[in-house]
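Undergrad: This is the structure I want to talk about, given as structure tokens.
The values are calculated or read from the model by the stated rules, or taken from the named source; none is laboratory data. None of the values given here were measured: they were computed from a predicted structure. Cβ coordinates were reconstructed from backbone atoms using ideal geometry, including for glycine residues, and neighbour counts include every protein chain displayed.
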Amino acid sequence: MFEILCAADSSAGQVPQNHFGVLHLLSEVGSPDQKRRWFGDVLAGRRIGNAGPEKGRKIITHNRTGLHRTEAGLRLTGRRFYSTAAIFAHWIPTRANDEQGRPVQVWVPRDAPGVKVLDDWDSFGQRTTASGTVVFQDVAVQDDQTIPLWQRADIPSPSGPTSQLIQAAIDSGIAIAALVDAVDYVRDKARPWMDSGLDRASDDPYVIADVGRLQIDLRAAREVLHRAAELVDEIASRPVTAEDSARPRSPSRKPRS
């Protein structure tokens, strides 16, 4: 799905990336009550955004965003960037440290007091992903709005690979569209090299060879992507052991024709 969407408009695939990735994590780590609440919201049309990493952070476990207890209850404070789709969302999950310094995921309503989504994304290409900044300033959080990621830190999970597969599918869709655009440009607009003796650039054997190499590279990359997705689906369909995270597997099917 993401590959198809991004071949048409890469922003259309990038915007819901975290929606699906976060829900996959929720299915693994969330409590039964949290699943009923947030899956119910999604079925009612609510969108999930993202409050991304912190600037200057070297690894994901180094968080300045954190929860602290006050007389009025639990509060969240932090500043995140690369927050794709947060401006379009109803819920903005973010990674933070709890009061003991352990990693948790905190689900915050987009319109909660103290939440500020800045439309400061400046880019080229994917202009509509709105991947700007989210600021949390003493945002009130209930205990049932936190998911204890630290409890599953040592348990193999397909959640991370699934998120990476979505990103790879987005990149693959972009590559598909880029190659189509390149071929169209060569056929309809490009001029042949003046010493080639050809009437059309698309008849140049060097151009044809370059396009062929690009098509081969893209087909190979897509084959790896699809095989990886099938393997993750296979692993997710059965109980996961620690060995599954590192064990190599032989291909289970023939290449696509």
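Undergrad: Any residue at all in segment 198-215 that's in a helix (DSSP H, G or I), among the polar types (S, T, N, Q), surrounded by 10 or more Cβ atoms within 10 Å (Cβ to Cβ) and at pLDDT 65 or above? Reasoning before the result, please.
TA: Filtering segment 198-215 for residues in a helix (DSSP H, G or I) gives 201-203, 205-215.
The next check asks that each one be among the polar types (S, T, N, Q); those that pass are 202, 215.
From the residues that got through so far, the ones that are surrounded by 10 or more Cβ atoms within 10 Å (Cβ to Cβ) too are 202, 215.
Still in the running and at pLDDT 65 or above: 202, 215.
Checked segment 198-215: at least one residue is in a helix (DSSP H, G or I), among the polar types (S, T, N, Q), surrounded by 10 or more Cβ atoms within 10 Å (Cβ to Cβ) and at pLDDT 65 or above.
Undergrad: H24 fails exactly one of the following numbered conditions: (1) touching a strand residue (DSSP E or B) at 6+ places or on another chain (Cβ under 6 Å); (2) surrounded by fewer than 20 Cβ atoms within 10 Å (Cβ to Cβ). What is the number of that condition?
TA: (1)
Undergrad: State all residues of segment 112-158 that are part of a strand (DSSP E or B), without any contact (Cβ under 8 Å) to a residue 40 or more places away in the chain and touching an Asp or Glu at 6+ places or on another chain (Cβ under 9 Å); if no residue qualifies, say none.
TA: Here is the first cut: in segment 112-158, the ones part of a strand (DSSP E or B) are 115-118, 133-141, 146-147.
From what's left, without any contact (Cβ under 8 Å) to a residue 40 or more places away in the chain: 115-118.
Once the filter is applied, which keeps residues that are part of a strand (DSSP E or B), without any contact (Cβ under 8 Å) to a residue 40 or more places away in the chain and touching an Asp or Glu at 6+ places or on another chain (Cβ under 9 Å), segment 112-158 yields nothing.
Undergrad: To continue, here is another question. Looking at (1) of a type in the set (A, V, I, L, M); (2) on the phi < 0 side of the Ramachandran plot; (3) surrounded by 14 or more Cβ atoms within 10 Å (Cβ to Cβ), which one does A72 not meet, given that it meets all the others?
TA: Here A72 meets the rest and fails (3).
Yes/no per residue for (1) of a type in the set (D, E, K, R); (2) modelled with pLDDT of 90 or more; (3) at negative phi:
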residue	(1), (2), (3)
T94	no, yes, yes
Q105	no, yes, yes
V117	no, yes, yes
D138	yes, yes, no
Q142	no, yes, yes
S159	no, no, yes
S172	no, yes, yes
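Undergrad: Right, something else. Which numbered condition in (1) within 28 Å of S10 (Cβ to Cβ); (2) buried (at least 17 other Cβ atoms within 10 Å of the Cβ); (3) among the aliphatic types (A, V, I, L, M) is the only one that L118 fails?
TA: Failing condition for L118: (2).
Undergrad: Using the structure shown, decide if V232 is surrounded by 14 or more Cβ atoms within 10 Å (Cβ to Cβ), touching a Leu at 6+ places or on another chain (Cβ under 7 Å) and outside any helix (DSSP H, G or I). Outline the logic, then answer.
TA: On the way: surrounded by 14 or more Cβ atoms within 10 Å (Cβ to Cβ): yes; touching a Leu at 6+ places or on another chain (Cβ under 7 Å): yes; outside any helix (DSSP H, G or I): no.
In short, no.
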